[in-house]
Amino acid sequence: MFIVSPRQLSRLVEKNQVKTITVDIFDTVLLRKIYPEDRQFLLHAKEAVVIIQNHLDVDIDPFYFYSLRKYCRSIIDDTKAWNGLEREARIQEIFGLLIETLTQKYEITLQSEEKQVIINELIEKELDIEKKNLRLNSPLVEALRSIKSQGIRVFFLSDMYLSCDHVKGLLDHFGASDVFDDGFCSSDFGYGKSRGKLFLHLKKENLIPGFYLINNLHVGDNEISDYRAPRILGVCAVHYRTLRNTFYRTTKFWWGVLMLRINQWGNNRRLQKKMNAYVKAKCAHFSKNQKVLYRFGFSIAPALLKYLDYVSLTSHITKEPIFFLSSEGKTFIELLEVLGKKDSVHTLDSFNRINLLRGYTYLHFIKSSVQHPEPLLKVFSKGEGKSTLDDFLKSIGVSRFDYGLTKLALHQLSLKELIQKLLQSEIGNKVMLESLNKSYDDLLKELNESGFLNYQKVIVADIGWGGTIQILLEQMLEFIKKDMSLRGVYFGLTGFNMFDLPRPYNMKGVIFENIYDEFARKALIEEIWENILTTKNTDDEKLMHIQSGIFDCFRYYRTGLQCTPADLFALYRNKIIKTFDNPSKREVMLLGSIEHDVGFGSNLSRPLVDMQHSKWKLYAIMFSSPRRFAKLYADQYWKQGFGVWYGMKRTLHTGTNVFLIIRRIFGTRKKK
């Protein structure tokens, strides 16, 4: 029901068997003078920096404090969502993480008592600003007093980062505390009104004695959390909208949004100016090629910075150690050291992922009474990248001579047929299981020596993509009945893994959540991201200049910039897209020649872009043998770079679109 005046509320109570009333506070009982909420955060930041200066002796920009507050809140909300709660951060948690971030950045040691004093002062300043920018909705309060005098109990329910005691203090300041019997805030319980969970929690925990959903009337200004969500639960809810809400609030809101965007634009402009000056000074004595490589590393560093800062803060909030599982982990840890955030960070230096693949397969055979080739087929064809069947037999400790196979006869078999033959052979079956068993034993030894199995909860961090390693680790832990939960925080995720196993809920891609968003479609070139972080080719001059740019960006962020990793990433996001999706020819020449492994566990490698052909030769292949050209194009790691190098980007883009249209047309006809 939609109401615009307190009189309508009184008549509604009279017509229904209402025994309790729950009321929203902000923009219902206490009306704001400033919109949106973020503008009030910016006002608070101007006062908060004085408190920070007094206690930490650090001079920070108010906009940086404001941005850092939003950034910390978003990470706390994410960790709560992972733990089954709603995104309802408490103000104590937000300011606590904010202060922790500042002390790490500026290398300040702070005792817990001192930290709590700063938090309390920041909260007091928040409440002072709330008092200045709120006013009491007197007509509604008087109506609620009248209703309460009839024996109906009145409670407040607020989706708010402030605690219940803070809200009670504000009501007392405006002389309205007598109206309410009690009240509850979402931040105190981790449940909000938007999905109805706060109402259900009140009922389940009997926080309001005699509270029944069907006999409760809820009043609030938000159409979703105060009207639609409670009505789904059977609560009699009214959407409180006055002319003030409809016109004054909307006008102020959009004006406030404009002012915030102007502030953000000004901050971004100053930040970009500082970054450009720093890079220019660093590149003063570089050659053209060195400048391109250094600038590339510097430009992509904000994405790595955002990821590593997110992992570190998540670990700090959850008190769970971080384990990096890939060869890129060493570079990640070195970058965390630059940020001063190496606490509770580990790397599995001796972790052999082939042992994990084989260990998983071994457990599958042990637990399953039926032995079939599918698990082995996936391990050896997709997981290990064996280039020949001879390599496959050698890897498990047998040879073709053990089965009387000539080289010709061996290579006439498919991998699936060969594995089936091994399983049917008593000797081959025994040797294969012994090989898998050894890998499983080595894996357990590696995990025990690293201390990985000593924890009940662990954050698994990696460059990511398929999340296969975490999925197999979870399967293995389940097999051995180890009570341990893994939380995967990855640089990026594609949503697919080589075993086609379902993706667990406790897995997150920080920069690339999936392959379908715009940023991923243009900038997710897995092979480039992996190679710039590798520690295998430390003598490669190109990688050295790229990593130099990355590390310098991290150092400058810590010592010379006042911005959040999220803001810095947002500033460079379009530049990263341009570099990957529409690079210059020089960038393709330098980056495209980097060698990448053909498959996991393989010693073979090839460049990211095949640059050995001429443009006209490719056009000849395109028209004379389209299938050959399609295979050549599909084999390129960096397809955008391939198109730019041969001047065929528009042609390839148009051709791909035409092919998709034709396939869609013929696919539709086939269905009919």
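General remarks:
- Looking across 446, 474, 478, one residue alone is acidic (Asp, Glu), assigned to a helix (DSSP H, G or I) and surrounded by fewer than 17 Cβ atoms within 10 Å (Cβ to Cβ). It is 478.
- Among (1) surrounded by fewer than 19 Cβ atoms within 10 Å (Cβ to Cβ); (2) touching a Pro at 6+ places or on another chain (Cβ under 6 Å), the one test that residue 143 misses: (1)
- Residue count, region 58-90 (criterion: acidic (Asp, Glu) and without any contact (Cβ under 8 Å) to a residue 24 or more places away in the chain): 2
- Only one of the listed residues (256, 220, 266) is outside the structural domain of residue 10 (by TED's automatic domain parsing), of a type in the set (Gly, Ala, Ser) and crowded, with 16+ Cβ neighbours inside 10 Å. That residue is 256.
- Subset of region 169-199 [of a type outside the set (Asp, Glu) and surrounded by fewer than 18 Cβ atoms within 10 Å (Cβ to Cβ)]: 169, 173, 174, 175, 177, 195
- Identification of helices (runs of 4 or more DSSP H) wholly contained in region 306-390 with 3 or more residues that are within 18 Å of residue 463 (Cβ to Cβ) and at pLDDT 75 or above yields 329-339.
- Residue satisfying all of: in region 643-653; closer than 13 Å to residue 609 by Cα and out of contact with any Leu (no Cβ under 8 Å at 6 or more places or on another chain); surrounded by the fewest Cβ atoms within 10 Å (Cβ to Cβ) among these: 644
- In summary, residue 33 fulfils each of the numbered conditions (1) surrounded by fewer than 14 Cβ atoms within 10 Å (Cβ to Cβ); (2) farther than 19 Å from residue 167 by Cβ with the single exception of condition (2).
- For region 224-253, filtered to residues that are β-branched (Val, Ile, Thr) and surrounded by 16 or more Cβ atoms within 10 Å (Cβ to Cβ), the residue that is modelled with the lowest pLDDT is 242.
- For region 535-565, a tally of residues being within 28 Å of residue 98 (Cβ to Cβ), surrounded by 20 or more Cβ atoms within 10 Å (Cβ to Cβ) and among the small types (Gly, Ala, Ser) returns 0.
The values are calculated or read from the model by the stated rules, or taken from the named source; none is laboratory data. Because the structure is a prediction, the values reported are computed rather than measured. Note that we place each Cβ from the backbone using ideal geometry, even for glycine, and neighbour counts take in every protein chain shown.
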